[in-house]
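Participant: Please read through the structure below; I'll follow up with questions.
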Amino acid sequence: MRLRTLARVCIALSCMPGMAIAQTRSMYSNLANPSIGLNALFLGQAAPDLDQPYGLDFQSAELSLISVVDPYWMLDANITFTPDEVDPEEVWARTTSIPNISVKVGKLRATFGKQGTLHTHAFPFVQAPIIMPNSIGEEGFKDAGVEASWLMPVPWFMELTGGIYNAMEVNDENPLDFGSTDHDNIPFGGHFKNQLDIGEETTVDVGVSGLSGKGADGYRHTAYGADLTFRNVPARASNRHGWILEGEYIARGTSENGTFDRQQRGWFASFQYRFRQRWWGGIRGEQAKDCYTDVLVDPVSGDAISGDVNRASANVAWTPSEFSYVRLEYSYAQADDGNGFKPTDQRVLIQFNYTIGYHPAHAY
Amino acid sequence: MIVNRIIPENLMRLLTRWSLGLVLVFAASPAFADLKVATSLTDLASVAQFVGGTHVEAQSLCRGYEDPHFVPAKPSLMKAIQKADVYVSTGLELDGGWLPVVLPGSRNPKIQQGQPGFVDASEGISVLEKPTGTVSRAEGDIHPLGNPHYYLDPKNLEIVADHLADVFSRLDPANAADYAANAKAFDERMETALAGWLKQMEPYAGKSIVTYHVNFIYFADRFGLKIFGHVEPKPGIPPSARHISELAEAMKQAGVTVVTYEPYYNADASKQLAAKADGTAIEIATEVDGLPEAKDVFAKFDLLVSSLVNALSK
């Protein structure tokens, strides 16, 4: 009797894994899982003019998920982990079934200029241009909203993008005050882009952008910009050589008493050159007016003060594959608060970038 | 008169020329075709044109002398396929680095993945070099779904032609008979040509060559060649001096003398390797339009076979 019971238990146990597998296959298929990728950035900085320790830090990790939802939508999510927070910096759905128009809905990075649309690991230089955190945000304007972009019916690439966004107050990442709680406050923005091929290997890209909304102070706050990019990718050496020459101007201000008062403004221009399959080099010059930066700190109170800053940067990147790079960057900055305080800053940065899993090509 | 006072004469002339140019650009709309077909590869465009005949206008986003792995995802490519009726992807992730950006950017619902106008040309192909076990990028930029350079076997292009004839017939039933007839004619022409190429290559069956990239297995299998090694130590990884020296030494010992490279790969490394191994480096077109003579898929194989025969006979 005991033997028979034991035999039954053994048979039942031997059948269980099969049953479990069958159930797993039918209930929890992973065939339609999204493409998953993780990018990690580590940053080291030596800045003798700043009151900061030298060292290597974890900068950020970005988890990206992307997949087709159904015949009408695709979903893209980028969750960023930094030492201080977890930020769903982009989670948006995009239409795939409307001819000539693409609509994005969700938490998105507004289409503004060139630098403002880049993820941190795709920045051409380790440090964002000084005007960025003083105008639309170091990593662009990130907010919930709806954007529609129209690929216009002309023979070249002409794209018109318009969007409306959520009313958002000033915070660590967003310098634009769109925080009015009035019902008529619907922050809006637009981008107009033209891209033309100049011959087989070189392209020119021209864009203008704007963002506007009503602030918590009751006044309208606006940022606008223009960008110009020349890019060369030799057809017979697309993975070994090429260059990018680009420049961008951004300004922001408020409309008090009915007139627009320009506050922070600045430009940056850079040249990047790929001289071998694994090596890139770049130089950048920039100027920022009435801006805040870590160089401009009141020597007595320790408070951040605004002023004009000129900065030159140079970097070299070693890219052993498309999935990693190590960049070394040097920058020299001169600042002037307009009251005789003229600090200078030199710093050396080293950045390590790694990507695992799926990662699509960056926007051209 | 007033305008002339405000705008200088030379600027007026320039504006007139630009306006005229713009009018010409608008007027130069593509010739009428029942189906506009875009592809990821020149070989696929060539097959599509043979199958489609006068009913199809086919263009490739990647040029024949451009590395198909690294096509810049230019907005102008999105524009180029905005009105396409069919998009033919190479499949097996050869275009996986750039097509996921270009295809949605076109804002053309007809050709998005899963739609009738999207074609994965690798369907029906017997894929070689599928990785077994764990797929790891420690092995370089490998293709997890298998080697995607199937278009180097003429027989595989027959499969592509039949596949495209089916797709074109579904999308343009009025011309279905023409598509079927064109595909049949293509297959017959390819069979005849293949017999000639096999005869030319017959004396060199079993010979070994070195290729720049891991892209020659389909051709080697069809024509009885052996792949001795690659200029790249791992797919996508540029060769080091040490790798070149070691490979050259091994080639010498094994009596391998032919090194091939495509127009988009580093010719210097290939020539250096060949020189060290007392061999010959030859530039080959593995894609249509890779070299000026490779005008279509038949001309490409004509050129490829004659280049190899010439090099192997020395």
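None of the figures in this text is laboratory data; all of them are computed from the coordinates on show. Model, not experiment: these values are computed from the prediction. Methodologically, a virtual Cβ is constructed for each residue, glycine included, from the backbone with ideal geometry; neighbour enumeration extends over all protein chains shown.
Participant: Can you give me the P(r) profile for the protein assembly as shown? Cα pairs, bins 20 angstrom wide beginning at 0, each as a whole percent.
Facilitator: Final binned percentages: 15, 43, 31, 10, 1, 0.
Participant: Pop out the ³J(HN,Hα) list for segment A:112-126 in order, Karplus 6.51 cos²θ - 1.76 cosθ + 1.60 with θ = phi - 60°, rounded to Hz; leave Gly and Pro as x.
Facilitator: Computed from phi, the couplings for segment A:112-126 are 9, x, 9, 4, x, 9, 8, 6, 4, 6, 9, 4, x, 10, 4 Hz.
Participant: Report the net charge of residues surrounding B:Val127, where surrounding means a beta-carbon distance below 15 angstrom and charges are Lys +1, Arg +1, Asp -1, Glu -1.
Facilitator: -3
Participant: Most exposed first by the Cβ proxy, i.e. fewest other Cβ within 10 Å, how do A:Val295, B:Val309, B:Val71 rank?
Facilitator: B:Val309, A:Val295, B:Val71
Participant: Moving to a separate point now. So if I place +1 on the C-beta of Lys and Arg and -1 on the C-beta of Asp and Glu, and nothing else carries charge, what would the dipole magnitude of chain B be about its Cα centre? I want it in debye, nearest 20.
Facilitator: 880
Participant: On a 0 to 90° scale, report how tilted helix B:297-312 is relative to the longest principal axis of chain B, with both axes built from alpha carbons and the result rounded to the nearest 10.
Facilitator: The angle comes out at about 30 degrees.
Participant: Same structure, new question: If you take all C-alpha pairs in segment B:67-218, what percent of them are over 20 Å apart?
Facilitator: 60
Participant: Rounded to the nearest 500, what is chain A's calculated 222 nm mean residue ellipticity when only DSSP H runs of at least 4 contribute -39500 (n - 2.57) each, over all residues?
Facilitator: -3000 deg cm²/dmol
Participant: Quote the relative contact order of segment A:76-125 in percent (integer), defining contacts as alpha-carbon pairs under 8 Å separated by 6+ residues.
Facilitator: 24
Participant: How far is helix B:241-254 tilted, in degrees, relative to the longest principal axis of the Cα atoms in chain B, given as a value from 0 to 90 rounded to the nearest 10?
Facilitator: 50
Participant: Still on this structure, I have one more. FRET efficiency for B:Ser240 and B:Ala177, Cβ-Cβ distance as r, R0 = 45 Å, nearest 0.05?
Facilitator: Taking R0 as 45 Å, the efficiency between B:Ser240 and B:Ala177 is 0.20.
Participant: So, one more: Among DSSP bridges having both ends in the protein assembly as shown, what percentage is antiparallel? Round to the nearest 5.
Facilitator: Close to 90 percent.
Participant: Please compute the length gained on full extension between A:Ala363 and A:Leu31, using 0.36 nm multiplied by the number of residues separating them and subtracting their Cα-Cα distance.
Facilitator: 116.8 nm
Participant: How crowded by other chains is A:149-155, given as the mean number of beta carbons from other chains within 10 Å of each beta carbon?
Facilitator: That works out to 4 on average.
Participant: Excluding A:Ser35 itself, calculate the net charge of residues whose Cβ lies under 13 Å from the Cβ of A:Ser35, where each Lys or Arg counts +1 and each Asp or Glu counts -1.
Facilitator: -2
Participant: Return the single residue from A:Ala251, A:Ala61, A:Ala237 with maximal mean-square fluctuation; model: Gaussian network over chain A, springs between Cα atoms under 10 Å.
Facilitator: Looking only at A:Ala251, A:Ala61, A:Ala237, the largest GNM fluctuation is found for A:Ala237.
Participant: Let me ask another. At 0.890 mPa s and 25 °C, plugging the Kirkwood radius over alpha-carbon pairs of chain A into Stokes-Einstein gives what diffusion coefficient in µm²/s?
Facilitator: For these conditions, the coefficient is 106 µm²/s.
Participant: Could you tell me the center-to-center distance, by alpha carbons, between segment A:244-272 and segment A:160-201 in angstrom?
Facilitator: Spelled out, the Cα-based centre of one part sits 14 Å from the other.
Participant: What's the exposure ranking of A:Glu138, B:Glu139, going from fewest to most Cβ atoms within 10 Å?
Facilitator: B:Glu139, A:Glu138
Participant: Separate question: Sorted from fewest to most neighbouring beta carbons within 10 Å, what does the list B:Ile237, B:Ile125, A:Ile283 look like?
Facilitator: Final ranking by Cβ density, sparse to dense: A:Ile283, B:Ile237, B:Ile125.
Participant: Set the bar at 23 Å for Cα to Cα. Now go through B:Lys74/B:Lys234; B:Lys207/B:Lys252; B:Lys226/B:Lys300; B:Lys36/B:Lys184 and name every pair that lies beyond it.
Facilitator: Table pairs above 23 Å Cα-Cα are B:Lys74/B:Lys234.
Participant: Here's another thing I want to ask about it. What's the angle, to the nearest 10 degrees (0 to 90), between helix A:2-27's Cα axis and the longest principal axis of chain A?
Facilitator: That works out to roughly 40 degrees.
Participant: Which value in nm describes the separation of the simple spin-label points at A:Asn257 and B:Leu128, placed 7 Å from the Cα toward the beta carbon?
Facilitator: Modelled inter-label distance: 7.9 nm.
Participant: Taking only C-alpha pairs under 8 Å that are 6+ residues apart, what is the relative contact order of chain B in percent?
Facilitator: That works out to 15 percent.
Participant: I want to make sure I understand the PRE zone here: with the label point 7 angstrom from the Cα of A:Gln277 toward its beta carbon, which residues in segment B:231-254 have backbone N atoms less than 14 Å away?
Facilitator: Within reach of a label on A:Gln277: B:231-245.
Participant: Show me, bin by bin at 5 Å from 0, the whole-percent P(r) of segment A:222-268 based on Cα pairs.
Facilitator: P(r) for segment A:222-268, in whole percents per bin: 5, 18, 17, 12, 11, 10, 9, 6, 6, 4, 2, 0.
Participant: Would you mind counting up the charge near A:Ser306? Only other residues with Cβ under 13 Å from its Cβ, with Lys and Arg at +1 and Asp and Glu at -1.
Facilitator: Computed value for this residue: -4.
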